[in-house]
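Student: Take a look at this one; I'll ask things after.
The values are calculated or read from the model by the stated rules, or taken from the named source; none is laboratory data. Computed from a predicted structure; not experimentally measured. Methodologically, a virtual Cβ is constructed for each residue, glycine included, from the backbone with ideal geometry; neighbour enumeration extends over all protein chains shown. Each accessible area value is taken on the protein alone, full model and side chains, heavy atoms only, with ligands, DNA and RNA left out. Shrake-Rupley method; radii C 1.70, N 1.55, O 1.52, S 1.80 Å.
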Amino acid sequence: MQFPLTVAGIGSVAVGLVLFFLYRRIVGGRMNQAFREAGPESHKQKGKVPTGAGLVFVLCMLLLGSFLVIEPASRSVAYVCFASVLMGLLGFIDDRSKVLGGSAGLKARFKLPAMILTGLLLLYLIRDSLLHLPGSHDATGLLPGAQLSFAAGLPVWLYYLLGLFIWLGAMNGSNFTDGLDGLLGTSSLASYLAMLVVLPMFSVSNALLLPVAVCIGLLIAFLSYNWKPASIYMGDSGSLCIGALAAGIWFFSGEWLYLGLFAFIWVVEVLSVMLQVVYFKRTGGKRIFLMTPIHHHFELAGWKETTVVYVFAALQLWGCLSAWLWLRLGLLPGLLSSLLLILTFICLVLRYRTRVA
């Protein structure tokens, strides 16, 4: 299936601008999110901002999936869109519960089973596509002559175990990153733009690029409302939808491990929270970072909110570049770039470790 990606991207910008505006005007007053008490004190001045605008992403992915599912050649990509819709709806329930009952939201015992079941179902539905033999072209969406991917060579138990780990990690990473005006939007935009460059290097159909183009357009539209000072937040409905979509797209590409570089900032956000919690419990209350997720560490170290956004977006692009170098030039250039990226981030944390705010 051929589809003009440029038209899809530009059209999504236009549609997104209208839908985000309507959401703010019609729904926003009933979805005002209060200041999170555990966050930096400087965030109190933001007041109440409408959250849950990620519902626009959910609606657009639902429409796109309904369009793609018609053709057998793009049906597996439609499953990816539908999985992101389910996670976005789960996120919106969480957003609504935060508005009605405080900042806690849904308990993990309710969210986690839904996330796990959706992830396992998606992995099951697309597995035939990954195992498809080269040289034919049917409902898999793989191009003629395609080689079996990394995921296709995994044992069944490892396929589901590693896939579920990546699925949950992507969603939690995008969710933790959504803590500053424009932060998740810019980091996600960097990743999805890079996907347009890298994904054609794999043997996948153009259908897989369609949700990427649509998401890019929606992110551009969203950032026009979410840039500091933000007038809307995407909330868990947006962060879970975007994270699930990214994981699903890389599932379908078959080259799962590259997602760790394309979502470098998401990875360090999750790791910072995990390290902080473990260290806090083991040492009886001591902390590695000033505050987690890690973007708050730099805020308390004196960085302006926009500075954090710019630097994190640049680091996300660097991660994407490292993956591209790995693919185009081989192991050594990609590995050196990746190690330099990690070292740079560690140096930033060590350099700015004194609280000034």
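Student: Consider residue 290 against the criteria (1) more than 15 Å from residue 176 (Cα to Cα); (2) open to solvent by 30 Å² or more (accessible area, probe 1.4 Å); (3) assigned to a helix (DSSP H, G or I); (4) in contact (Cβ under 8 Å) with a residue 60 or more places away in the chain: it satisfies all of them except one. Which criterion is unmet?
Tutor: (3)
Student: Here's another thing I want to ask about it. Could you list, in sequence order, the residues of the stretch 91-122 that are in a helix (DSSP H, G or I), touching a helix residue (DSSP H, G or I) at 6+ places or on another chain (Cβ under 7 Å) and open to solvent by 40 Å² or more (accessible area, probe 1.4 Å)?
Tutor: Across the stretch 91-122, the qualifying residues are 92, 116, 120.
Student: Has the stretch 136-151 got any residue that is of a type in the set (D, E, K, R), modelled with pLDDT under 95 and surrounded by 13 or more Cβ atoms within 10 Å (Cβ to Cβ)?
Tutor: Among the residues of the stretch 136-151, not one is of a type in the set (D, E, K, R), modelled with pLDDT under 95 and surrounded by 13 or more Cβ atoms within 10 Å (Cβ to Cβ), which makes the answer no.
Student: Continuing with this model, one more query. Residue pairs, Cβ under 9 Å, 6 or more apart or interchain, first in the stretch 166-186 and more than 19 Å from residue 299 (Cα to Cα), second open to solvent by 10 Å² or more (accessible area, probe 1.4 Å) and β-branched (Val, Ile, Thr). List them.
Tutor: 167/116; 167/118; 168/116; 169/267; 169/270; 172/270; 172/273
Student: For the stretch 293-312, name all the residues that are assigned to a helix (DSSP H, G or I) and within 14 Å of residue 349 (Cβ to Cβ).
Tutor: Residues satisfying the conditions are 294, 295, 296, 297, 298, 299, 300, 308, 311, 312.
Student: Let me ask something additional. Counting only residues that are surrounded by 12 or more Cβ atoms within 10 Å (Cβ to Cβ) and outside any loop (DSSP other than H, G, I, E, B), how many does the stretch 345-356 have?
Tutor: So the count comes out to 3.
Student: Still on this model: In this structure, does residue 334 turn out to be buried (at least 20 other Cβ atoms within 10 Å of the Cβ) and closer than 21 Å to residue 185 by Cβ?
Tutor: no
Student: Among the numbered criteria (1) open to solvent by less than 70 Å² (accessible area, probe 1.4 Å); (2) assigned to a helix (DSSP H, G or I); (3) among the hydroxyl-bearing types (Ser, Thr, Tyr), which one does residue 279 miss?
Tutor: For residue 279, the failing item is (1).
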